[in-house]
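J.: Can you keep this structure in mind? I'll have questions shortly.
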Amino acid sequence: MSDQDVLESNEGVGVDEPGLSGRLHRSQVWRSMFRHPQQDTPRGRALQGFSNFFLHVYPVKIPRRVLRNRYSWRLGFISGVLFLILLITGLYLMFVYTPSVGAAYGDMQRLKTGVGFGQLIRNVHRWSAHLMVLVVFLHMVRVFYAGAYKHPREFNWVFGIMLLLLTLAFSFTGYLLPWDQLAYWAVTVGTNLVKYVPLIGNPTQNLLIGGDQIGQSTLLRFYALHVAVLPAALVMILGIHIWRVRKDGFAVRRSNVGAFEEDAVAQPAAAAPAHAAPELYGGRVRLLGVVDRESITAEARPVDDTVFTWPHLVVRHVVVALGTAAVVLALGVAFSAPLRGLANPNVTPEPAKAPWYFAGLQELLSRFDPLVAGILIPAAAVMAFVFLPYLDRNPATEARNRKVAVTLFSILLSLAVVLTVVGTFFRGPGWQWIPPWDHWYVEL
Ligand code: HEM
């Protein structure tokens, strides 16, 4: 349907509507902004889907199963909402932050008293960033167990891995900006890892931190990456990711549609044999003649398992978005983002921990050779994840028919979780084993 058709279909909008709202809806200004009719009919909803910019991201109709929470747990959507919250709060913080070693820490302190809602916005920004790392990771785990990375979504999985790496880079570059002891040493530990890459390790580390030691050049580089390069890259790749989800369709089971074949979508009573008693059809049958029993064939009525996106999915998304915003706001009100003393290269805090999402890596490093633990294992893991859809040739999507892949992935996942929990909660000064109930050395 062309835009012109949509416009024409809008001709009669508000004709029957009395009063001020009718006049408003009939006005040229209104109709130039909202080209679709407001009628709540199947046709009206379809036209709204075609012609509204925001609804256009969605298909007009979706399989009913997409509405179930357990299809995706809305994790991809929640990741997107968190990213939006980060963009908005980050923009606010940009107005008061100077990426200079002399000023950054003071700006952070000023947020507490000298800037309207400054501390709250910083808190929300920080908790949203931590949550985004967690939720994006969980989204990846969900996609894996659902087998949703299989044909035709292989390359969207690869885009997903890029998004995960970008999310980590986002969080890590932001970590340095408060320029306090926590920031300084977490980033020192993190960037020291790069040194272990054979041949290019040292030059890469220099490029990243702009010298031998973290200082003004590092702060400026991390700032530029955090507020310009990474947002631009993430927005671009996220655009392609969502566009592909839209084009490939949601990976839910449907009868004879898409990558997920036949499934137990309930068949309606139409499949009942045609020679069944007339009462079965509500008495709506006529006897037209006497024919051979064999000449009557029972044909199942096609099943329409779709519903309109607007309002069914859109309303759910609005609720989830508001819920996500409420959670990060509550976290921001309840817990303040940490700010330790001013960054001091001469005083190493004990323990100097990397951010929690790299604590598993730090734990590995404490046990193995740095080249193995810091470079070879993470690089192999990233490569295995990137190429997973091409290595896993089994077309089945149900977990029970993918025992090898599911077992391997579950082992890797458990290892990563155990290492992260140990590194985050059970390590103290000198990387000694200290249970969290004896002393809490968790830095967020
Ligand atoms: C910034 C991070 C990300 C955002 C905002 C995001 C967003 C989304 C959204 C909104 C969907 C639609 C279904 C849903 O709500 O779950 C989706 C689907 C998908 N995502 Fe992501 N995603 C991100 C990262 C990832 C990662 C890390 C992976 C995997 C490595 C991934 C792989 C996929 C795949 C394969 C689909 C299609 C599966 C389906 O249709 O059920 N995404 N993503």
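The values are calculated or read from the model by the stated rules, or taken from the named source; none is laboratory data. Computed from a prediction, not measured in an experiment: that's the story for all the values here. Neighbour counts are summed over all protein chains in view; Cβ atoms, including those assigned to glycine, are modelled from backbone coordinates with ideal geometry.
J.: Any residue in the range 62-88 that's in the same structural domain as G147 (by TED's automatic domain parsing): show its pairings with residues that are buried (at least 21 other Cβ atoms within 10 Å of the Cβ) and polar (S, T, N, Q) at Cβ separation under 6 Å, as long as the two are six or more apart or on different chains.
T.: I78/T324; V81/T324; L82/S128; I85/S128; L86/S128
J.: Scan the range 87-130 for residues that are touching a Leu at 6+ places or on another chain (Cβ under 6 Å) and of a type in the set (S, T, N, Q) and jot them down.
T.: Q119, S128
J.: Report whether or not P351 is in contact with a strand residue (DSSP E or B) (Cβ under 7 Å, 6 or more places away or on another chain), surrounded by 12 or more Cβ atoms within 10 Å (Cβ to Cβ) and of a type outside the set (S, T, Y).
T.: yes
Every residue, every condition in (1) surrounded by 11 or more Cβ atoms within 10 Å (Cβ to Cβ); (2) modelled with pLDDT under 85; (3) in contact with a His (Cβ under 8 Å, 6 or more places away or on another chain), yes or no:
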position	(1), (2), (3)
S2	no, yes, no
V13	yes, yes, yes
H25	yes, yes, no
V29	no, no, no
F34	yes, yes, no
Q39	yes, yes, no
Y58	yes, no, no
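J.: For the range 166-186, indicate whether the set of residues that are among the small types (G, A, S), more than 16 Å from the ligand (Cβ to nearest atom) and either at negative phi or assigned by TED's automatic domain parsing to the domain that holds H226 (or both) is non-empty.
T.: Taking every residue of the range 166-186 in turn, at least one turns out to be among the small types (G, A, S), more than 16 Å from the ligand (Cβ to nearest atom) and either at negative phi or assigned by TED's automatic domain parsing to the domain that holds H226 (or both).
J.: Criterion first (within 16 Å of the ligand (Cβ to nearest atom), modelled with pLDDT of 80 or more and part of a helix (DSSP H, G or I)) does L219 satisfy it?
T.: Judged against the criteria, L219 is not a match.
J.: Name the residues in the range 26-65 that are within 16 Å of the ligand (Cβ to nearest atom) and in contact with a Ser or Thr (Cβ under 8 Å, 6 or more places away or on another chain), would you?
T.: Listed by number, the residues that qualify are L55, Y58, P59, K61, I62, P63, R64.
J.: Based on this model, can you work out whether V382 counts as within 16 Å of the ligand (Cβ to nearest atom) and within 27 Å of L176 (Cα to Cα)?
T.: So V382 passes the test.
J.: Evaluate the range 372-391: report whether one residue or more is modelled with pLDDT of 90 or more and touching a Lys or Arg at 6+ places or on another chain (Cβ under 7 Å).
T.: yes
J.: Go through the range 332-348 and give me each residue that's within 25 Å of the chain's Cα centre (by Cα) and surrounded by fewer than 17 Cβ atoms within 10 Å (Cβ to Cβ).
T.: V333, A334, F335, S336, listed by residue number.
J.: Picking from Y196, Y145, Y149, which residue would you name as being within 16 Å of the ligand (Cβ to nearest atom), touching a residue at least 24 places away in the same chain (Cβ under 8 Å), surrounded by fewer than 20 Cβ atoms within 10 Å (Cβ to Cβ) and of a type in the set (F, W, Y)?
T.: Only one candidate passes the filter, namely Y145.
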